[in-house]
There are 2 protein chains.
Amino acid sequence: MGKITLDYSRTFISDEEIESLVPFARTAHDMLHKGYGAGSDFTGWLQLPQKIRKEEVERIKKAAVDIKESSDALVVIGVGGSYLGSRACIEALNHNFYNQLPIDKRRGTEIYFVGNNLSSSYISDLMDILENKDISINVISKSGATLEPAVAFRIFKNYMEAKYGKDNGKKRIYVTTDEHKGALRKLSQEEGYATFAIPDDIGGRYSVLTAVGLLPIAVAGLDLDGFISGFRDGLEDYSRDVQDNICYKYAMVRNILYSRGKEIEILVTYEPNLKYLAEWWKQLFGESEGKDGKGIYPSSVNFTTDLHSLGQLIQDGKRNIFETTINIIKPRRDLEIQRLADDIDGLNFMAGKTVNYVNQKAFEGTVKAHTKGQVPNLIINLSEMNEYYLGKLMYFFEKACAISGYLLGVNPFNQPGVEEYKKNMYQLLGRPN
Amino acid sequence: MGKITLDYSRTFISDEEIESLVPFARTAHDMLHKGYGAGSDFTGWLQLPQKIRKEEVERIKKAAVDIKESSDALVVIGVGGSYLGSRACIEALNHNFYNQLPIDKRRGTEIYFVGNNLSSSYISDLMDILENKDISINVISKSGATLEPAVAFRIFKNYMEAKYGKDNGKKRIYVTTDEHKGALRKLSQEEGYATFAIPDDIGGRYSVLTAVGLLPIAVAGLDLDGFISGFRDGLEDYSRDVQDNICYKYAMVRNILYSRGKEIEILVTYEPNLKYLAEWWKQLFGESEGKDGKGIYPSSVNFTTDLHSLGQLIQDGKRNIFETTINIIKPRRDLEIQRLADDIDGLNFMAGKTVNYVNQKAFEGTVKAHTKGQVPNLIINLSEMNEYYLGKLMYFFEKACAISGYLLGVNPFNQPGVEEYKKNMYQLLGRPN
């Protein structure tokens, strides 16, 4: 199937400089594939595209059909890696106003995310919206004890029982959690909820191809087979030797740029519905590499929108940044620019062109301008955005992140720094030991 | 009225260090107030809270009433400073699912933003949503020639004429543009559109208190008088001498941190509907300071959500960051955490507390943790978020940005770097000279 290409010709990096890193990239590959790198207990995602079980996927599809038949909306309760992957996919591949579309214009039910913050206003507001809808719940938490989803699930468990009665409420609750242990597994056994397992060897930010991501994605009507197929081709393409592997090249280039003082990577997209793909990417790289006093700061912009806010700084500000653009050649929908009789805005010279043509020229002009401003520019080209390309792109980033983290000298699979604030918070909340 | 407070006790900056900058802050104050600083042609926003004309505000309110009576939705066409301010306010003060609420639960019409990108999918998708709604248009562009709003306005001008007929379509178009010149002014005169003026001495990112921001804000049902009153009190409070002026202290602290190598400022909020306030802030500071090879990189996170994605990096990554938290004591709505019979998640110790109480403890625990991780933390405290406090906060940031820019040695009011990509783009598009 289709290729993703990487253009790093505008990064001010010579072939020799890349070449000098090749042996290290091969070492990082071995650390990952042979399992002697740090965090190797959490590399289940690596071969997952091949190992994913057909029966598991069929069970997920079946549950999605049940949810779509019984519900107007699915409420997804999860935080961090337990919601960013599915949200990224659902938004990237759907209508920009998906939840507001009439049912006959949507492929799936409405999808709402909660349990990813502690905003009482947000939760209360969501309740207003759900008032006259039939809903199902997918609560996603490995331990079942993470604060935000636990608080939300307390609220929604009561809500479902009050709305549907204890027995019928239970049938609308789908739990994605640890296969054997934890609060949610125990409760699911007691209550008889439908459950899906989160494997032990896959961390949250690498979990989009498990039930964590796949169930909400399926309920939104996306094509799981295409998505998995993209992951599979990613596994094949991005396991090659480094000379023929754009995924490893991306990892090398960003490490070279970091060592030159480019401390901020800006992920650039030209479609507003890729915002959550950027958020997923930020978690992936930020949580994997931001440790031991090191790590590129992952940021994102949506162009051309943010050319009118951060464009000035990128062009002329401190030269501590580089950009990585996800360039999608063919848009989901296009529109033609029409001729105006009086040409008041002076744009008649574009009449007959499409809006996406103009978007492409904005992209080309921006890369040229920012490169002239000494901002290294990487470009990831996709011929279009669909389930296949999205799956392949996500695997590209997952694997690039692992290799990049090893090259940086960190364990890309742990997150020791997230405990400190939790310790303080629970102390302030007076949790008993 | 109410105060906004600034806590910079966790920034690792001594009183002596602040003191050493005081004479420079006084100089920056004079440059701004006496008009001898760079860019002084664009400081109309400085005294605007006092100078804003009552008749202008009444005209805006009247137009808002007309739009609300005739329309289900207002479509706001604008990019950069022509939409970020109003969008920030509308989202910060409204229901999280504002556009989806039934009409009787909203204070204003639905509001949609377009003309801020070149995404053909986004524009086409928006058209789907508007299909069965009566709409009005507010097109906002000083020159009338900015590409994104011009492309969108071409589409919507035709759409309105086709839907309502030429004469009735015109009555639903509101233009906010240059007072005397430019393509949109000329067209408005020809077509008889209702118009509002953008003053010559106020740049886009400083324009929220002009018709640019106020008309959409009023259509969303927000209280313009409270908003203006917050700006007025801001003007009074933040014109004081630096010793008694938290706005200038914020400007000084961020310059000290920048000179210590803290090159990234993360604006932290704990409410998801403050996302666009952060986007507005990013444009304000990024476009004002990011030039001449200098400037703090403005970024933002929404906690506790992003504690589960960027929290690791903030705690343990490269120490080139500092955080500024907007802390809102009282939420718009609150919820109580209920006791669960079986306490499966171990959270019964919090039963009877509110979700916002937990959010506050998360904030306190996070500041403590990140400070321990050597990340300087600034805290801006607001007792609640309403029109008044939002207005005051926006003036706080506007003025802090001007002072901060002068301290950094840049012209905070120009944006020379945004021309380069446009030049390339128009060349690629084949625009005649």
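The values are calculated or read from the model by the stated rules, or taken from the named source; none is laboratory data. Since this is a predicted model, take the numbers as computed values, not measurements. Glycine gets a Cβ as well: all are built from the backbone with ideal geometry, and neighbour counts include every protein chain shown. Ligands, DNA and RNA are excluded from the accessible area calculation, which covers all protein heavy atoms including side chains. Shrake-Rupley method; radii C 1.70, N 1.55, O 1.52, S 1.80 Å.
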Query raised in the report: Are any of the residues in the range A:71-78 surrounded by fewer than 21 Cβ atoms within 10 Å (Cβ to Cβ) and more than 14 Å from every other protein chain (Cβ to nearest Cβ)?
Result: yes
**Report entry** Odd one out for A:R10, checked against (1) of a type in the set (K, R); (2) out of contact with any helix residue (DSSP H, G or I) (no Cβ under 9 Å at 6 or more places or on another chain); (3) in contact (Cβ under 8 Å) with a residue 60 or more places away in the chain
**Finding:** (2)
**Report entry** In the range B:30-57, the residues that are open to solvent by 80 Å² or more (accessible area, probe 1.4 Å) and free of Cβ contacts under 8 Å to residues at least 40 places away in the same chain
**Finding:** B:K34, B:Y36, B:K51, B:R53, B:K54, B:E55
Report task. Determine, yes or no, whether B:T324 is polar (S, T, N, Q) and within 30 Å of A:Q189 (Cβ to Cβ). Result -> no
Report summary line: Considering only helices (runs of 4 or more DSSP H) wholly within the range A:191-291, the ones with at least 1 residues that are within 30 Å of B:D316 (Cα to Cα), open to solvent by 10 Å² or more (accessible area, probe 1.4 Å) and touching a helix residue (DSSP H, G or I) at 6+ places or on another chain (Cβ under 9 Å) are A:246-259, A:275-289
Query raised in the report: Which residue, of A:F113, A:F97, is without any contact (Cβ under 8 Å) to a residue 40 or more places away in the chain and within 16 Å of the chain's Cα centre (by Cα)?
Result: A:F113
Requested in this report: Among the candidates A:K186, A:K181, single out the residue that is part of a helix (DSSP H, G or I), open to solvent by 30 Å² or more (accessible area, probe 1.4 Å) and within 14 Å of chain B (Cβ to nearest Cβ).
Outcome: A:K186
Query - helices (runs of 4 or more DSSP H) contained entirely in the range A:314-432, each with at least 2 residues that are more than 30 Å from B:A369 (Cβ to Cβ), out of contact with any His (no Cβ under 8 Å at 6 or more places or on another chain) and more than 7 Å from chain B (Cβ to nearest Cβ) - result: A:355-372, A:387-408
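For every residue, the table says whether it meets (1) of a type in the set (K, R); (2) over 30 Å from A:V219 (Cα atoms); (3) in contact with a Phe, Trp or Tyr (Cβ under 6 Å, 6 or more places away or on another chain).
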residue	(1), (2), (3)
A:E19	no, yes, no
A:P23	no, yes, no
A:A28	no, yes, yes
A:D41	no, yes, no
A:K51	yes, no, no
A:E56	no, no, no
A:A64	no, no, no
A:I67	no, no, no
Report task. Sort out which residues of the range A:282-310 are more than 23 Å from B:Y421 (Cβ to Cβ) and hydrophobic (A, V, I, L, M, F, W, C), and write them in order of number. Result -> A:L284, A:F285, A:I296
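For every residue, the table says whether it meets (1) farther than 30 Å from A:D343 by Cβ; (2) open to solvent by 20 Å² or more (accessible area, probe 1.4 Å); (3) touching a residue at least 40 places away in the same chain (Cβ under 8 Å).
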position: B:I344; (1), (2), (3): yes, yes, no
position: B:Y357; (1), (2), (3): yes, yes, no
position: B:A369; (1), (2), (3): yes, no, yes
position: B:E384; (1), (2), (3): yes, yes, yes
position: B:G391; (1), (2), (3): yes, no, yes
position: B:Y421; (1), (2), (3): no, no, no
Requested in this report: Just need a number here: residues in the range B:143-180 that are under 27 Å from the mean Cα position of the chain (by Cα) and either basic (K, R) or not assigned by TED's automatic domain parsing to the domain that holds B:G81 (or both).
Outcome: 2
Requested in this report: Could you look through the range B:91-121, keep only residues that are facing chain A (nearest Cβ under 10 Å), modelled with pLDDT of 95 or more and open to solvent by 30 Å² or more (accessible area, probe 1.4 Å), and pick out the one that is farthest from B:I155 (Cα to Cα)?
Outcome: B:N96
Report summary line: Among (1) touching a residue at least 24 places away in the same chain (Cβ under 8 Å); (2) assigned to a helix (DSSP H, G or I); (3) of a type in the set (S, T, Y); (4) under 22 Å from B:E56 (Cβ atoms), B:Y159 falls short only on (4)
Query raised in the report: Does A:Y36 qualify as being hydroxyl-bearing (S, T, Y) and part of a loop (DSSP other than H, G, I, E, B)?
Result: yes
Report task. Return yes when B:I328 is of a type in the set (A, V, I, L, M), crowded, with 20+ Cβ neighbours inside 10 Å and in contact (Cβ under 8 Å) with a residue 24 or more places away in the chain and no when it is not. Result -> yes
